[in-house]
Structures are given as structure tokens and as C-alpha cells.
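> Before we start, here is the structure in question, set down as C-alpha cells.
The values are calculated or read from the model by the stated rules, or taken from the named source; none is laboratory data. Keep in mind it's a predicted model, so treat the numbers as computed, not measured. Virtual Cβ from ideal backbone geometry, glycine too; neighbours counted across all protein chains shown.
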Amino acid sequence: MHHQIHDRRGFLRKSALATLTTLVGSHIVFADRIPPFYTPLGFDYDPLKEKSPDMKVLGDKPWNVESPIHLLDDAVTPVEKMFIRNNGLIPTEPINPETWTLTIKGESVKTTKTYTLNDLKKRFKPYTYQLVLECGGNGRSGFEPQTTGNPWGQGAVSCAEWTGVRLKDILDDVGLKDDAVYIGYYGKDPHLSQDPTKVAISRGVPMKKALENETLIAWALNGKDIPLAHGYPLRLVIGGWPASVSGKWLHTIAVRDKIHDGAKMEGHSYRMPIRPVQPGEKIPETPENFRIIESMPVKSLITYPKTGAMVDLKKPLALRGHAWAGDRTVSAVETSIDYGATWQKSKLQAPRNRLAWQHWSTELTFPQPGYYEVWVRATDSSGVAQPVVIPQWNPGGYLNNACHRIAVKAS
Ligand SMILES: Nc1nc2c(c(=O)[nH]1)N[C@H]1C(S)=C(S)[C@@H](COP(=O)(O)O)O[C@H]1N2
Ligand SMILES: [Mo]
């Protein structure tokens, strides 16, 4: 990969040098002595530099970083509190937004078209949406027996503000054939093995989801360039579905005449068994036994106070958080202080836009001094509520939407 930034004699090309200089933050004095295929140390990217010190690091190869729930208290998640999930390596090749392109290709486009980032900004109308991105495996650590995959607690979720153009406007410009059924994305992140013939992840969604107003090709996150860890300089953003469909470092979208067959679309990846299985049961990983996860289930969090809070019995305790329900909206949020025996209705706001999370708040009084647990439970617009216990076990450890709970001591 690095050969692209050197000419045949091994000298850094001028454009590559300019990018490196920007990234390193100062003039690289002996630039002409940098050996070919050598990445300057100053370019080593540490995604934790733009994260809160309280973030929980699950691993750095690949980078997987989770948000403790109390850090998710903001209405719109700031970058420093956003979880990171990578399947491969964060690109190390200098990224030049001036030359970055998006290619739309595949069996079901009339012609292959390539746009520069500047074309996208100039030729299409920009939109900004708050979108919930939740890892399909969020909550995985709750399953017994444990499954393979990152043992996420409940903090692999964010709702940030994304700006970009609608994928449907681009696809309109390209022209689709009648047989288009699915899209698949391709990003620039190297496979963990660094084998250039292997793809870390390449997932997608059916056309109906791809053509929704809120499906964006985004270049900005919370009003600024997308940070490298979250997909700089261009990303597909699809709210409400497993965040694995929101491809980072996006350079190509294929419009397919069949279900996209990229990396992490196969086996039990981001799929649920079509019939309930016994916890730990091994079932053949054939397409007949599994369905691809689409809209995420209803969920809610108590983001304030932090679990372990000491509260004053004489004053009502103000609590708040967020709730979301994939493609649906949340119609009610309730809390319980008696292990689910009784529930009290919370105040619930409408989402800022479709596929954004909704804020809830309530006040609780505790009858006597002592230890309590506060549980929160959301119900979606179809009347489906969160389970209070861990839901159906599955081989990939997906979709654990059991109620979030915090411990409180009243005195
Ligand atoms: N190119 C690329 N896109 C990707 C991934 C990846 O590894 N590579 N991970 C996906 C998964 S599984 C999740 S949960 C989200 C995480 O997005 P975030 O790191 O910005 O929070 O990105 C998705 N998009
Ligand atoms: Mo994910």
C-alpha cells in the first residue's frame, strides 16, 4: 500500500509529504531520508487521545473501546465519549481528502461512477441527522454461556450528529437497474492480518433501507471532520440497524442483484437463529438456520445518576437517560425501584429526527433508608417492551436488550 506515496526511487511524493506534515503537525526536516515503506512514528495514531480517560478499552488490535453508561449522558454523544468498534486495523496510509473518491459500482448500476469528496459536497444537498449507532453485539457479556466476540457491556452505542448527502440522491444520479436488491460497502481499513487480498468487513443493507432519507454518506460528525477512528474522511451512516452496516473509510458502494456477500455477511455474523436454540447449542451455520439482523430492538439507559450513587432520602432523585428502538420509536419509558414489581411512568421526549434516540427523565422517592436498584424499561411503538432478564441466547451473542439497572443507596 505504501508504494503509492513513494516514487520509484523511494522518495516521498510531494502530496504525500504535505499530508504527512499536516498529520505530524510540523515540518519533517529529513523527509528526503525517510526510507520507502516506512511510516514515521509521529504518524502512529492513538485513538485514545481523543477519548475520555474513563472509556473502557477492550483491545487495541483491533481497537474496541466502550463507553461507561454515565458518560452517555449528553443529548448528542461527543466524540470523546463515542465507542469505537473495529474489525480490522485503522488505516495508517496518509488520507488526503482532496483526492478521496467514492465509487458506485456493481451488477445493478447502469454505469459505474466515481465522485470526489468535493463532488459530493458540491453536487448534492447536505443533510444533518442525529443517528443511533449501536453495535449488534452490545450487551454480549450478559449471555451465559459467553459467546465469541467482544464482551461488550451496555455501552457500545452512540447518538451523534452526522452530516452528509443522502445515498439515495447519489444512487439516483448513478441510475439503478430494476434488479437492485442490496448494497454493500467497502472501506480502506486493512485486514488484521495485513493481507491486502483480505477484507476486514464489507456489509450492507437491502435497497429499502439504503434509500431511506436518513441513510447518509457523511463527512462530518458533530459539525467537524469525522475523526480517523470513526471513518475519516467519508462514512456510510445508517441509523437503527446494527452499526456494522455503517461502513467507515468508505471508498466504494456496490449495488447488488442479490444479498451482499462481503466479509462478515456469512455464518452467524450479525445473524440470529431462526428458531430458539438452547444456550450453548451448536447449530449448522447455514443460511437456512439464520436470518440477517435488521432493525435493532428497543432499549434504554439510565445515564444519570451513575450506578453506586448515594442519595438524600428527603429529596426526590432526578434521573434521566435515553431510549431508542431501531426503525421504530419509543412510546413509553418506565422505572422500577422494587425489582420490577411496580413501574412508574417517565417523561419522554420525541426524537429530534427519525432514528435518533429519545430523552427520558423522572423523579423518584425512596420509602426508607437502604439499598435499591433502579431499573429502566422502554416500550416501542409496536408495544414491544424490553425484557427484564437476558433474552434469547444466540451463537453470536447479539441483541441483548435486557433492562439497564443502577444501584442507589438512600440515607
Ligand atoms: N470499514 C469499517 N467499517 C466499520 C467497521 C470496521 O471494522 N471497518 N466496524 C463496524 C462495526 S461492527 C461497528 S459497531 C461500527 C462502529 O462505529 P464506531 O467505531 O464509529 O463507533 O462501525 C462499523 N463500520
Ligand atoms: Mo459492531
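> Residue by residue through the range 246-273, note down the ones that are under 23 Å from Thr111 (Cα atoms), of a type in the set (A, V, I, L, M) and away from ligand 1 (no atom under 15 Å from the Cβ).
Scanning the range 246-273 gives Val255, Ile259.
> Show me the strands (runs of 3 or more DSSP E) found entirely inside the range 343-411 where at least 1 residues are touching a residue at least 60 places away in the same chain (Cβ under 8 Å), closer than 19 Å to Thr329 by Cβ and of a type in the set (Asp, Glu).
Numbers: elements: 358-364, 370-380, 404-410.
The qualifying strands (runs of 3 or more DSSP E) are 370-380.
> On the basis of being within 17 Å of Leu399 (Cβ to Cβ), within 14 Å of ligand 2 (Cβ to nearest atom) and of a type in the set (Gly, Ala, Ser), does Gly187 make the cut? Talk me through it step by step, then tell me what you get.
Working: within 17 Å of Leu399 (Cβ to Cβ): no; within 14 Å of ligand 2 (Cβ to nearest atom): yes; of a type in the set (Gly, Ala, Ser): yes.
No; evaluated as a whole, the condition is false for this residue.
> Checking the conditions here, which among Pro145, Pro94 is in contact with a Leu (Cβ under 6 Å, 6 or more places away or on another chain) and away from ligand 2 (no atom under 16 Å from the Cβ)? Let's see the steps before the verdict.
Working: Pro145 fails: in contact with a Leu (Cβ under 6 Å, 6 or more places away or on another chain).
Pro94 is the lone residue from the list that is in contact with a Leu (Cβ under 6 Å, 6 or more places away or on another chain) and away from ligand 2 (no atom under 16 Å from the Cβ).
> Among the residues of the range 213-222, is there at least one that is at pLDDT 95 or above, within 16 Å of ligand 2 (Cβ to nearest atom) and out of contact with any Cys (no Cβ under 6 Å at 6 or more places or on another chain)?
Taking every residue of the range 213-222 in turn, none turns out to be at pLDDT 95 or above, within 16 Å of ligand 2 (Cβ to nearest atom) and out of contact with any Cys (no Cβ under 6 Å at 6 or more places or on another chain).
> Separate question: Search the range 73-88 for residues that are over 20 Å from Leu355 (Cα atoms) and pair each with any residue that is part of a loop (DSSP other than H, G, I, E, B) and of a type in the set (A, V, I, L, M) when their beta-carbon atoms are under 6 Å apart and the residues are at least 6 apart or on different chains.
Asn87/Ala200; Asn87/Ile201; Gly88/Leu192; Gly88/Ala200
> In this structure, does Asn118 turn out to be more than 16 Å from ligand 1 (Cβ to nearest atom), at pLDDT below 95 and not in a strand (DSSP E or B)? Outline the logic, then answer.
Values: more than 16 Å from ligand 1 (Cβ to nearest atom): yes; at pLDDT below 95: no; not in a strand (DSSP E or B): yes.
Answer is no for this residue.
> Would you check if there is a residue in the range 245-267 being closer than 23 Å to Ile84 by Cβ, away from ligand 2 (no atom under 16 Å from the Cβ) and of a type in the set (Val, Ile, Thr)?
Checking the range 245-267: at least one residue is closer than 23 Å to Ile84 by Cβ, away from ligand 2 (no atom under 16 Å from the Cβ) and of a type in the set (Val, Ile, Thr).
> Say we look at the range 284-326 and pick out the residues that are within 27 Å of the chain's Cα centre (by Cα) and of a type in the set (Lys, Arg); which of these is farthest from Pro367 (Cα to Cα)?
Among those residues, the one meeting the criterion is Arg291.
> From Trp241, Trp249, grab the single residue that is within 14 Å of the chain's Cα centre (by Cα) and closer than 30 Å to Ile406 by Cα. Outline the logic, then answer.
Numbers: Trp249 fails: closer than 30 Å to Ile406 by Cα.
None of the other options fit; the residue is Trp241.
> Can you tell me which residue is surrounded by the most Cβ atoms within 10 Å (Cβ to Cβ) among those in the range 201-234 that are of a type in the set (A, V, I, L, M) and more than 13 Å from Leu171 (Cβ to Cβ)? Before the answer, list the steps.
Start the filter on the range 201-234 by keeping residues that are of a type in the set (A, V, I, L, M), which leaves 201, 205, 207, 210-211, 216-218, 220-221, 226, 228-229, 234.
Within this subset, residues satisfying the condition of being more than 13 Å from Leu171 (Cβ to Cβ) are 201, 218, 220-221, 226, 228-229, 234.
Details: Ile201: 23, Ala218: 28, Ala220: 17, Leu221: 24, Ile226: 24, Leu228: 18, Ala229: 22, Leu234: 25.
Step by step, filter the range 201-234, then rank; the result is Ala218.
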